[in-house]
Amino acid sequence: MKNQAKEIFLGPLINNNPVTLQVLGICSALAVTTSLLPALLMCMALTSVATLGNVSVSLIRHHIPSSIRIIIQITIISSLVIIVDQILRAYAYETSKQLSVFVGLIITNCIVLARTEGFAMNNGIGMSFLDGLGHGLGYSLILVIVASTRELLGAGTLMGVSILTLAKDGGWFHPIGLMLMAPSGFFIIGLLIWLIRSWQKPQLEQTVVRTHTLVRSEAS
């Protein structure tokens with residue numbers, strides 16, 4: 001049981017990362033990573049919703065009719081997103097505006113709904129808590145790496161604090177404007193996927209098996 005709990009919690013960080021292996025949550029991972037602060041708030045929002053959503057669904061799973069389970073899950077997730085959004089507006093209003101619609105879109109984020117439907121509906125509260133937290137942290141890890149890289153190389157700062165001295169101020173660093181544009185997010189996440197799958201060969205094999213299974217099911 002202890003090893004199972006450890007795998008459920010730590011697996012999504014690298015071995016079964018929701019972004020690099022499952023390729024979920026890509027839209028927000030690309031949109032809110034031009035700087036680190038909005039990315040951190042997005043990480044906190046999604047991790048909170050994923051964890052509390054899992055716990056809530058697991059808590060009432062035996063009382064949810066199978067015919068309306070998705071509706072109930074979305075209702076729970078929507079309620080949690082509204083609460084998180086109001087907290088962000090109250091305590092970090094300016095940054096929450098930078099997140100635009102992406103906090104609200106957590107409702108339709110594949111990571112959150114996939115965990116409530118695929119895990120919390122079939123497991124206890126403790127394991128569901130670890131699963132939601134693990135997947136939230138796995139998503140957060142990728143966002144932090146991408147946002148840190150883009151802000152540092154694109155502006156020479158981290159969370160608005162100057163790290164690299166710009167050439168115009170007498171330093172050596174020339175900002176790379178491409179890093180603050182949308183394509184850089186694709187490049188960095190693609191590079192991370194390549195690095196992790198080169199290091200973790202079973203991930204590539206697992207992805208190939210899933211793809212072949214999907215193709216066969218569609219063909220049939």
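The values are calculated or read from the model by the stated rules, or taken from the named source; none is laboratory data. In this text the structure is predicted, and so the values were computed from the model without any measurement. Here the Cβ is made from the backbone with ideal geometry for all residues, glycine too, and neighbour counts use every protein chain on show.
General remarks:
- Residues satisfying the stated conditions in the stretch 103-130, i.e. under 18 Å from SER78 (Cα atoms), of a type in the set (S, T, N, Q) and part of a helix (DSSP H, G or I): THR108, THR116
- Qualifying residue in the stretch 60-69 (condition: of a type outside the set (A, V, I, L, M, F, W, C), surrounded by 21 or more Cβ atoms within 10 Å (Cβ to Cβ) and more than 29 Å from MET181 (Cβ to Cβ)): no
- Applying the criterion of being of a type in the set (A, V, I, L, M, F, W, C) and buried (at least 16 other Cβ atoms within 10 Å of the Cβ) to the residues of the stretch 93-104, the residue that is nearest to ILE83 (Cα to Cα) is VAL103.
- Elements of type helices (runs of 4 or more DSSP H) in the stretch 1-80, at least 3 residues being modelled with pLDDT under 90 and hydrophobic (A, V, I, L, M, F, W, C): 26-31
- The lone exception for ILE83 - which of (1) within 23 Å of ILE70 (Cβ to Cβ); (2) in contact (Cβ under 8 Å) with a residue 40 or more places away in the chain it fails: (2)
- Only residues that are exposed (fewer than 13 other Cβ atoms within 10 Å of the Cβ) and assigned to a helix (DSSP H, G or I) were counted across the stretch 140-180, and they come to 4.
- Residue match in the stretch 123-138 (condition: buried (at least 18 other Cβ atoms within 10 Å of the Cβ), among the acidic types (Asp, Glu) and touching a residue at least 40 places away in the same chain (Cβ under 8 Å)): yes
- Exclusive hit being touching a residue at least 60 places away in the same chain (Cβ under 8 Å) and in contact with a Leu (Cβ under 9 Å, 6 or more places away or on another chain), set LEU36, LEU30, LEU105: LEU36
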